Amino acid sequence: MTRNGKVGVQFMPTMKSRKSLTQKLKGIFRRFQPQPISRIIGIINPILRGWVNYFRVGMSSRCFGVPGRGSVNPSPLGDGSSG
C-alpha cells in the first residue's frame with residue numbers, strides 16, 4: 001500500500017544502485033574538495049535529481065532512512081531539540 005492507501009509499486013533501489021551512487025558522490029567530493037561549496041552543489045544536484053527521478057516509483061526514500069510525514073528527527077547532540 002502507498003501512503004495514500006492505494007495499491008502501488010513496492011520496490012526499492014538495489015544495494016548495487018545505492019553503492020554506485022554513493023561511490024560516484026564520494027569521488028566528486030574528493031575531487032572537488034578545495035572548490036567552493038556552491039560549485040560542488042551545482043555538480044551533484046543534477047546527479048541526485050536524476051537518480052531520485054529514476055527511482056521515484058516505489059519506496060526509495062525508505063532505503064535511505066528518510067523520515068516520513070510527522071516524524072521527528074532527534075538531535076544528534078542528544079539535547080532533546082529537533083535536528
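Listing for the model above:
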{"read-out": "Isotropically averaged projected area of the range 15-63, using the convex hull of Cα atoms (one quarter of hull area), nm²", "value": "3.6"}
{"read-out": "Estimated dipole of the range 15-63 in Debye, rounded to 20 [Cβ of Lys and Arg +1, of Asp and Glu -1, Cα centre]", "value": "180"}
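Every number in this text was worked out from the coordinates using simple rules, so none of it is lab data. Keep in mind the model is a prediction, meaning the values are calculated, not measured. As a convention, Cβ positions derive from the backbone with ideal geometry for all residues, glycine included, and neighbour counts pool all protein chains shown.
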